[in-house]
Amino acid sequence: MSRESRPIGVFDSGIGGLTVVAEIARQLPKEKIVYFGDTARLPYGPKSTETVTQFAIQDTEFLLRHDVKMVVVACNTASSLAVDELRSRYDIPIVGVIEPGALAAVSSTLIGKIGVIGTEGTITSHAYRESIQRLDSEIETIEQSCPLFVPLAEEGWTDREVTLVIAHEYLAPLRNAGVDVVVLGCTHYPILKGTIQKVFGPTVTLIDSAEETAGDVAQVLTEFDIANNSGEEPAHRFFVSDVPHRFREQAERFLGAELPDVNVVSIDELVAFGR
Ligand code: DGL
């Protein structure tokens, strides 16, 4: 296979990364994608840096077996905790979701006050705050973890009353701080966008890291001259580490389309890949 026609590897702890896949497919329709969702070991959000890094290495090794030309870490938690380690180990481009989201937030704020919501791992790592500070040290960043948002998104409770009540509770500190931009710092959150926007009202801009990341992927393809120019129709492939039927059922909500077959890769195989 030529360098350019090799697939883009994308991984997440589970289903959330499909929001990134949807954006890559929309912005870069010629690119082939191999996706891995680590559904057996989800959630990554509350786990330690060591554990998430170990998982991220195994996930990347699995994708490399599929001859990917670059890896997209479509998980904010793994991007926050493990992307530096991945970049130091591998010589193919590794795209995380933090820098693109931070850059879009800095470009959008008019008053220099940005809210960031994410998993516990993402928020306690302060990866977004540090990335925003590197771009503009004057900006104030207010961070808030929203652990219940992941199961609500997985359950498809996007516009239930209970979701709105929980969102009000979590988002109160950001509203009180008067932020004008909020980064959806978890790949599950874009499907709760409607409810989150309702809490903040129309004057607050929500940054969807999935959209921004696909833009970064496009840039990397150009920079490394590895965009797929073959005329073939791209066939994407999907792998998970457990319960593929649940992944398929949920996928439509995250991807906006039906999935082809979903294959299972066992944890034993993953661990062996990472050795
Ligand atoms: N998709 C993960 C993220 O973006 C959230 C789910 C999890 O905790 O594993 O951080």
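The values are calculated or read from the model by the stated rules, or taken from the named source; none is laboratory data. Everything numeric in this text was worked out from a predicted model, so none of it was measured. In this analysis, Cβ positions are derived from the backbone assuming ideal geometry, glycine residues included, and neighbour counts consider all displayed protein chains. Heads up: the accessible areas ignore ligands, DNA and RNA and are worked out on the full protein's heavy atoms, side chains in. Shrake-Rupley method; radii C 1.70, N 1.55, O 1.52, S 1.80 Å.
How many of the residues in region 1-20 are within 12 Å of the ligand (Cβ to nearest atom) and either touching a Ser or Thr at 6+ places or on another chain (Cβ under 6 Å) or of a type in the set (D, E, K, R) (or both)? Residues in region 1-20 being within 12 Å of the ligand (Cβ to nearest atom) and either touching a Ser or Thr at 6+ places or on another chain (Cβ under 6 Å) or of a type in the set (D, E, K, R) (or both): 6 in total.
Filter region 167-194 down to the residues that are aliphatic (A, V, I, L, M), over 16 Å from the mean Cα position of the chain (by Cα) and either over 12 Å from K113 (Cβ atoms) or outside any helix (DSSP H, G or I) (or both) and list them by number. Before the answer, list the steps.
Quick first cut of region 167-194, residues aliphatic (A, V, I, L, M) only: 167, 171-172, 174, 177, 179, 181-184, 191-192.
Adding the requirement that they be over 16 Å from the mean Cα position of the chain (by Cα) leaves 167, 171-172, 174, 177, 179, 181.
The answer is A167, L171, A172, V179, V181.
Taken over region 104-123, the criterion of being surrounded by 18 or more Cβ atoms within 10 Å (Cβ to Cβ) and either of a type in the set (G, A, S) or assigned to a helix (DSSP H, G or I) (or both) is satisfied by A104, A105, V106, G115, G118, G121, T122, I123. Kindly indicate which of N263, N229 is among the polar types (S, T, N, Q), open to solvent by 70 Å² or more (accessible area, probe 1.4 Å), more than 22 Å from A167 (Cα to Cα) and in contact (Cβ under 8 Å) with a residue 12 or more places away in the chain. Every option except N229 fails the conditions.
Picking from A167, A210, A153, A214, which residue would you name as being surrounded by 18 or more Cβ atoms within 10 Å (Cβ to Cβ), among the aliphatic types (A, V, I, L, M) and touching a Pro at 6+ places or on another chain (Cβ under 6 Å)? Explain how you work it out, then say what you get.
On the way: A167 fails: touching a Pro at 6+ places or on another chain (Cβ under 6 Å); A153 fails: touching a Pro at 6+ places or on another chain (Cβ under 6 Å); A214 fails: touching a Pro at 6+ places or on another chain (Cβ under 6 Å).
Residue meeting the stated conditions: A210.
Taking each residue of region 126-150 that is in contact (Cβ under 8 Å) with a residue 24 or more places away in the chain and open to solvent by 80 Å² or more (accessible area, probe 1.4 Å) and looking for partners that are part of a strand (DSSP E or B) and more than 14 Å from the ligand (Cβ to nearest atom) with beta-carbon atoms closer than 7 Å, six or more apart or interchain, yields E140/K113. Restricting D91, D67, D84 to residues that are part of a helix (DSSP H, G or I) and more than 16 Å from the ligand (Cβ to nearest atom) narrows the list to D84.
Quick test for you: out of L270, L192, L259, pick the one residue that is in contact with a helix residue (DSSP H, G or I) (Cβ under 8 Å, 6 or more places away or on another chain) and within 15 Å of the ligand (Cβ to nearest atom).
Details: L270 fails: within 15 Å of the ligand (Cβ to nearest atom); L259 fails: within 15 Å of the ligand (Cβ to nearest atom).
Residue meeting the stated conditions: L192.
Of the residues making up region 219-238, those that are closer than 14 Å to G9 by Cα and within 19 Å of the chain's Cα centre (by Cα) are V220, L221, H236, R237, F238.
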